[in-house]
Amino acid sequence: MFITARFFAGMGSWGFLACTPTYSAELAPPKLRGFFVGMNGVNIALGYALASYMGMAFFYAKDPVAQWRGPLGIALVWPFMMLAILPFIPESPRFLLMQGKVDQAHDVVLKLHSIPNDPDQEFARGEFYQMQKQAELDRTLHVSWWGMFSKAAYRKRTILAMGFAFIGQSTAVLVINNYGPTLYKTLGYGTEDQLRFQCGWITVGVIFNAVGASLMDRFGRRPLMLIGVSGCCLWLIIEAAMVASFAAQGTNKAGLSMGVAAFYLFLAVYSVGIDVAGVVFYSELFPNNIRAKGICLSIATIALTDLVYLQATATAFANIGWKFYLIFIIISGLGALLMYFVLPETKGIPLEEMAKLFGDTDNIMVYASDIHLDHNTHELVVDRKDGLTHTATEADRPVPVTVSDKGHEASHVEQV
């Protein structure tokens, strides 16, 4: 029964992990998308932290049953909280547009992205226009799972996302998280110290996920991701050296303390450059028509990679000890080198324009830089490569757009 319950809990949590970055990315404005999607990483780390804190708290419970039932019971609070707020949160406007629900999508964008003291709401109107025109094309594109790998532009996105997901988990982060107390025991610490170190370690994750989310829209995704992977490799090297040199004797306090510090510093760079940056990166790469499939493949890669490593960890540590770290050092080191040459920068790019990073510009319907407001007429004007301009006259909802050629009469009408 316990295993069955764990199966459904895992299914729900991993499914939720796939949905929330997508939802956040589709709601966030481009210049703040890193922060808003990055907050998913902050809250994931906070969830791990609460689990560690409760594990520490119930360690002191005298009833053995309460020691495991207490944390599981507290875990029930959060799903009920989520169910309670679901009726009050808006649907993604991009999802609504893909379903043909234009009016609802328009209302969501104007409500969430309106700017105080701007009666024309230039940003929200222009953003919605771009979303709608892109969705009109994306609704006509039907891509199979095989299509994610057969079309060059989709294949590049998919391999990048799955590749970074694999490299990120090949830093040994969940090995350290799930086997943290065992690893601290290897360094010579008792049960109570092991739990304290684990609580401190995961608290570092909460703090530095927040740091990463705050920095991402300023410095970009690529620098943080490269720092994250290479930094994890560096601290794993130091950790392996400390364990190899001092764990067996257990007498060099400075070396053992450095082993603990290496775990903490490892998580700091992981949180900034992999944990928080990863959820942002996966949610940005894919267009509307394949975003769900792309996120699914990315999160599935994370889950499968973790599954393999965690199943092998106990046996590996028992048989080869600290040398198990060498697997993660080699993969993360080579991964950092590879990512230096292939990672694109996605900072500030509207989701509708991400295709330009992959040579798929024919599928971009309109660029945000071509949309501006005529402050004399208070109408949206969309510049086109052929010299024509779209002049949009809007009221409470999208209205037809007149297309004119530099002051001449309208040549045709398009629906915004």
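The values are calculated or read from the model by the stated rules, or taken from the named source; none is laboratory data. Here the structure is a predicted model, which means the values were calculated and not measured. All Cβ positions, glycine included, derive from the backbone under ideal geometry; neighbour counts span all protein chains shown. Just so you know, the surface numbers come from the protein's heavy atoms only, side chains and all, with ligands and any DNA or RNA stripped out. Shrake-Rupley method; radii C 1.70, N 1.55, O 1.52, S 1.80 Å.
Here are a few things to note about the model shown:
- Count of the stretch 34-51 residues which are surrounded by fewer than 23 Cβ atoms within 10 Å (Cβ to Cβ) and polar (S, T, N, Q): 1
- So Q134, is it out of contact with any His (no Cβ under 9 Å at 6 or more places or on another chain), of a type in the set (S, T, N, Q), open to solvent by less than 30 Å² (accessible area, probe 1.4 Å) and farther than 30 Å from G231 by Cα: yes
- Test: A410 is over 30 Å from E239 (Cα atoms), at pLDDT below 90, open to solvent by less than 20 Å² (accessible area, probe 1.4 Å) and more than 33 Å from the chain's Cα centre (by Cα): no
- Residues located in the stretch 212-223, provided they are open to solvent by less than 20 Å² (accessible area, probe 1.4 Å) and in a helix (DSSP H, G or I): G212, A213, M216, R221
- Helices (runs of 4 or more DSSP H) (entirely within the stretch 1-107) containing at least 3 residues that are modelled with pLDDT of 90 or more: 2-27, 33-59, 77-85, 93-98
- Selection from the stretch 275-299 of residues that are open to solvent by 10 Å² or more (accessible area, probe 1.4 Å) and either at pLDDT 95 or above or under 27 Å from L137 (Cβ atoms) (or both): V279, Y282, P287, N288, N289, A292, K293, C296, L297, I299
- Looking across the stretch 11-43, the residues that are over 16 Å from V276 (Cα atoms) and aliphatic (A, V, I, L, M) come down to M11, L27.
- Every condition in (1) closer than 30 Å to P93 by Cα; (2) surrounded by 15 or more Cβ atoms within 10 Å (Cβ to Cβ) is met by T171 except one, and the failing one is (1).
Each row is one residue, and each column tells you yes or no for (1) touching a Ser or Thr at 6+ places or on another chain (Cβ under 6 Å); (2) farther than 26 Å from G41 by Cα.
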site	(1), (2)
V276	no, no
E284	yes, no
N288	no, no
I299	no, no
T315	no, yes
G333	no, no
P344	no, no
L373	no, yes
H378	no, yes
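- Any chance T393 is under 27 Å from K111 (Cα atoms), modelled with pLDDT of 95 or more, β-branched (V, I, T) and open to solvent by less than 80 Å² (accessible area, probe 1.4 Å): no
- Test for A355: is it among the hydrophobic types (A, V, I, L, M, F, W, C) and closer than 30 Å to G38 by Cβ: yes
- One residue stands out among those in the stretch 177-211 that are in contact with a Gly (Cβ under 6 Å, 6 or more places away or on another chain) and farther than 19 Å from G255 by Cβ: the one that is least open to solvent (accessible area, probe 1.4 Å), which is N209.
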